[in-house]
Amino acid sequence: MSDKIILPTPTPSPGTIMLQADPQPIEIDWHRAAVLVMDMQNAFVSKGGMYDLRGIDISGSQKIIEPIIQINGTARKKGIKIVYIVMLYSPDLHDVGGPNSPNWYKGMLTTYREHPEWEGKLLTRGTWGAEIIEPLKPQESDIVMEKHRYSAFFGTGLDAMLMAYNIKYLVCTGVVTNVCVEATIRDAYYHDYFPVLVADATANTGPPSIQDATIFNVQQYYGWVTNTKNILKAMAAS
C-alpha cells in the first residue's frame, strides 16, 4: 500500500483569486488584502545609512526595491491598500524601553551609544536615516505605521487599522526577512491573518541560509511563500 497522500485540487471560491504559493496555492480576496512594506528606510537600505556604515551588506536590500515598486504600482491600480511600516525612535529614546528592556542592549540600539556622530543616519524621527527611501515614497492613499520593536503588531495600532479596513490577507515585503518581516508574519498568524511572504521582495541579513530558514518557517508554520511574478499575476486577475 502506498503512503502517498493525494490532496484535492483547490477550486477558487467566487470573488477570490488563486495565488500560486508554497506549500500550496491560497485563495485571496484582494478586496480584503493589503501590501505591507516593512522598514524600507535609508538607515537599512541606502548607501551611507546605518547598516552600510556598520559594514552590513545592503546589496540584497537594494535589489528588492524594483519588485516592491512593481507590486505597489499594481496594488494601487487595483485599489489594494498599501501599508508602510517604519522603525522610528524619539530623540530622547524614551520609546526604546531603557536599560530595563532587552531592546536596549540588542541590534541597532547599540549603534546609538557607540556612534552618536551618526545621528542623522540612524532611526531618529525626523532624520534622513528614518525616512522611507525615495523610490518608494508613500502616496496619499497609502498608510504609514510607526513601530518601536521588530514586529509591526507590537505596541502599534496595526491590528485595529487592518480590522477597520476589513483586511484578512497580508502580502509581506521589505527588510529584513529574518528579523522584522518574520516577527511580523508570526504575529499576523497569531492574530488570525493570512500572511504571504514575497521571497524576492524581501531581503535578509547574513548568509543566504538565513533567508532560506525564514522561508522554511513561513511555509511550514506561519503562512505562504510566493514571488513577485505570482503576486502581479494574481492582482491583475482580480
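The values are calculated or read from the model by the stated rules, or taken from the named source; none is laboratory data. Since the structure is predicted, the reported quantities are computational estimates derived from the model, not experimental observations. Cβ: placed from backbone, ideal geometry, glycine included. Neighbour counts: every protein chain shown.
Taking only the range 84-96 into account, find how many residues are over 23 Å from the mean Cα position of the chain (by Cα) and either of a type in the set (V, I, T) or surrounded by 12 or more Cβ atoms within 10 Å (Cβ to Cβ) (or both).
Selection size over the range 84-96: 1.
Six or more apart or on different chains, Cβ atoms under 8 Å: show the pairs whose first residue is in the range 188-211 and over 22 Å from G107 (Cβ atoms) and whose second is among the hydroxyl-bearing types (S, T, Y) and modelled with pLDDT under 95.
Going by the 8 Å Cβ cut-off, there are no qualifying pairs.
Need the failing condition index for S59 against (1) modelled with pLDDT of 95 or more; (2) on the phi > 0 side of the Ramachandran plot, just the number.
(2)
Per-residue answers, yes or no, for (1) among the hydrophobic types (A, V, I, L, M, F, W, C); (2) surrounded by 17 or more Cβ atoms within 10 Å (Cβ to Cβ); (3) at negative phi; (4) in contact with a His (Cβ under 7 Å, 6 or more places away or on another chain):
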position	(1), (2), (3), (4)
N42	no, yes, yes, no
D52	no, yes, yes, no
I82	yes, yes, yes, no
Y112	no, yes, yes, no
P116	no, no, yes, no
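Which residue is nearest to A43 (Cα to Cα), if the candidates are limited to the range 127-142 and must be of a type in the set (G, A, S) and crowded, with 18+ Cβ neighbours inside 10 Å?
The extreme case among them is G129.
Please work out if L158 is surrounded by 19 or more Cβ atoms within 10 Å (Cβ to Cβ) and either among the aromatic types (F, W, Y) or touching a residue at least 40 places away in the same chain (Cβ under 8 Å) (or both).
Taking the combined requirement at face value, the residue satisfies it.
Can you name the condition, by its number, that P207 falls short on among (1) over 22 Å from I58 (Cβ atoms); (2) surrounded by fewer than 17 Cβ atoms within 10 Å (Cβ to Cβ)?
Status for P207: all satisfied but (1).
Has the range 179-201 got at least one residue that is surrounded by 16 or more Cβ atoms within 10 Å (Cβ to Cβ), out of contact with any Phe, Trp or Tyr (no Cβ under 6 Å at 6 or more places or on another chain), aromatic (F, W, Y) and under 26 Å from G97 (Cα atoms)?
no
Looking only at residues that are in a helix (DSSP H, G or I) and of a type in the set (D, E, K, R) in the range 108-125, which one is nearest to N42 (Cα to Cα)?
Ranking the qualifying residues of the range 108-125, first place goes to K121.
Could you figure out which of (1) under 22 Å from R149 (Cβ atoms); (2) more than 16 Å from the chain's Cα centre (by Cα) isn't true of S238?
If we test S238 against (1) under 22 Å from R149 (Cβ atoms); (2) more than 16 Å from the chain's Cα centre (by Cα), just (1) comes out false.
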